[in-house]
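Report on one structure; see the data block that follows.
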Amino acid sequence: MRSTVLVIDDDRSSVLIVSRLLEKLGISVESASTGIEGLQQCELLRPDVVLLDILLLQASGPKVFQRIREIDRRLPVIVITADADGQSVIEAMQLGASDYLVKPLNAERLVDVVTRALDSRRLGDAPTAVGIHDLQQPGDTSELFVGRSPQMLEVFKEIGRVAKQSVTVLIRGESGTGKELVARALWQFSDRSERPFAAVNCAALPDALLESELFGHERGAFTSANRRRAGRFEQCDGGTLLLDEVGDMSPLVQGKILRLLQEQRFERVGGNETISTDVRIIAATNRPLEEMVADERFRSDLFYRLNVVTIHLPPLRERASDIPILLEYFLARFRNELDKADIEGISPEALELLQNYSWPGNIRELQSVLQQAVLKASSPVIVPEFLPAPIRGELPEHPIASNPAEPACQPPNGPTITAAHSNFKTPELAECDVGRFIEERLASGTDDLYAEVLEFVERKLFTCVLKAANGNQSKAAAILGITRGKVRDRILSFKITLGTNVTIKPEPENAESASQAG
């Protein structure tokens, strides 16, 4: 059966162009020169796609658009305008237009936009593979318990066994699997649920700030300590504290945490007063702590103190049977949060793509993907077109390239660094101009050369690895052997911007600026 496209436009030349191009593809084209006539044609013909001139002379394009939506809210509507930046286009896209075309019409883009809209119409008319049911109400706090796979049932069992026991729990799993949600569940189902809960990301704070965040400080303990501050252990007395990314703590902080676990006592930074506290500690990490203990990067005595009970969270790829349930939950949630009440579900084709994806970012990535899809959706059904390019198996349109102002950081004869090359060659030190930097700093009479060189090399290292990982922070963390939180911390410290290019803050010109960087 031939598809039908309805063109509502009072410009006869535009209608003629559309007719000639689309009829060559076997698509029937009908036309209407006024909004009223166009609405009548929509009722009578039930077209597959509508091309609507947003600047109709005898009617307001947005009002006609709204009426078309009332007739058939699944009908893709492509707006035509003579002004690509006009306010009317913005309004139409906010109403849910599938796409827009600018006059004079470009033949290639016209065919592309219409054929994609026809595909979306076909997929959107099929029964949804994942819908929204009353079982998952928006705002439901049971996000952790969205899952029925055997792996997640074991997680639920462990939570039930230890929640009421005041023992330390170590939650292990990849980034994005929901470790903080497990910690919150342990708190909610414990006898401490009426007392405070707090989470501290140990990878996101420099060592000195982390110590102050956890233990507090006295006035004058350091330059900016203008007043006494209570730390998290003091604030959470009687409650629960999550130490997230615990594998990134410095040896000094590890020693103080060990003493607190043993004695439930500590001193604020810069203070002598011993403070007693009653805090249940839950730790979380994606690091191989056993290897870190063997390499003396993590205290063995602290590891054994934290590892009283271990809960392993499976990555999303190992519990693919939970993906439809998670999609249903998040679809209901984002439909409410983003005011997209017309969203009904996900097409079978889109679900297949979502289930076949490896989800390196786990549930956090799934949330982001579905949120993007709901925002982009111009019909009640999420179809493949609304999913990000990586989910559809396509490479990003603009791979990240290094800033031309930066040294190449790539071997002269090595492969081009792209997302497909995870085993790239390590650049020679000279490629990053370390020798020249050292000579310049020596000539300046610096007295902090060690710190300056370490910072210089670290900047280059993170820039090169992020380029190699195509801007994927999880992949960069895996290459570097550190946590994603530490990667985020260095991106912020070095002011690295991920976009069509990796841009980075210029190198400091003197020792003083070097000590203040990052």
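The values are calculated or read from the model by the stated rules, or taken from the named source; none is laboratory data. Just so it is clear, the model here is predicted, and its values are computed rather than measured. Positions of Cβ are backbone-derived with ideal geometry, glycine not excepted, and every protein chain shown enters the neighbour counts.
Below, the figures for the structure above:
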| read-out | value |
| --- | --- |
| Among the residues listed as Arg392, Arg364, the single one being in contact with a Gly (Cβ under 6 Å, 6 or more places away or on another chain) and either of a type in the set (Asp, Glu) or not assigned by TED's automatic domain parsing to the domain that holds Gly255 (or both) | Arg364 |
| In the range 272-316, residue surrounded by the fewest Cβ atoms within 10 Å (Cβ to Cβ) [restricted to those that are in contact (Cβ under 8 Å) with a residue 12 or more places away in the chain and of a type in the set (Phe, Trp, Tyr)] | Phe303 |
| Hey, Val29 in contact (Cβ under 8 Å) with a residue 24 or more places away in the chain and assigned by TED's automatic domain parsing to the domain that holds Val102 or not | yes |
| Any hit, the range 112-121, residues being modelled with pLDDT of 90 or more and not in a loop (DSSP other than H, G, I, E, B) | yes |
| Residue ID - surrounded by the fewest Cβ atoms within 10 Å (Cβ to Cβ), chosen from residues in the range 148-174 that are touching an Asp or Glu at 6+ places or on another chain (Cβ under 9 Å) and part of a helix (DSSP H, G or I) | Gln151 |
| Residue check, Phe156 over 24 Å from Leu316 (Cα atoms) and of a type in the set (A, V, I, L, M, F, W, C) | no |
| Which numbered condition Glu296 misses (of (1) in contact with a Phe, Trp or Tyr (Cβ under 7 Å, 6 or more places away or on another chain); (2) among the charged types (D, E, K, R); (3) not in a helix (DSSP H, G or I)) | (1) |
| Total residues in the range 306-357, condition modelled with pLDDT under 90, in a loop (DSSP other than H, G, I, E, B) and hydroxyl-bearing (Ser, Thr, Tyr) | 1 |
| Any hit, the range 48-67, residues being within 17 Å of Leu95 (Cα to Cα), in contact with a Lys or Arg (Cβ under 9 Å, 6 or more places away or on another chain) and crowded, with 18+ Cβ neighbours inside 10 Å | yes |
| Pairs, first under 15 Å from Gly271 (Cα atoms) and in contact (Cβ under 8 Å) with a residue 60 or more places away in the chain in the range 198-226, second assigned to a loop (DSSP other than H, G, I, E, B) and of a type outside the set (Phe, Trp, Tyr), C-beta under 7 Å, six or more apart | none |
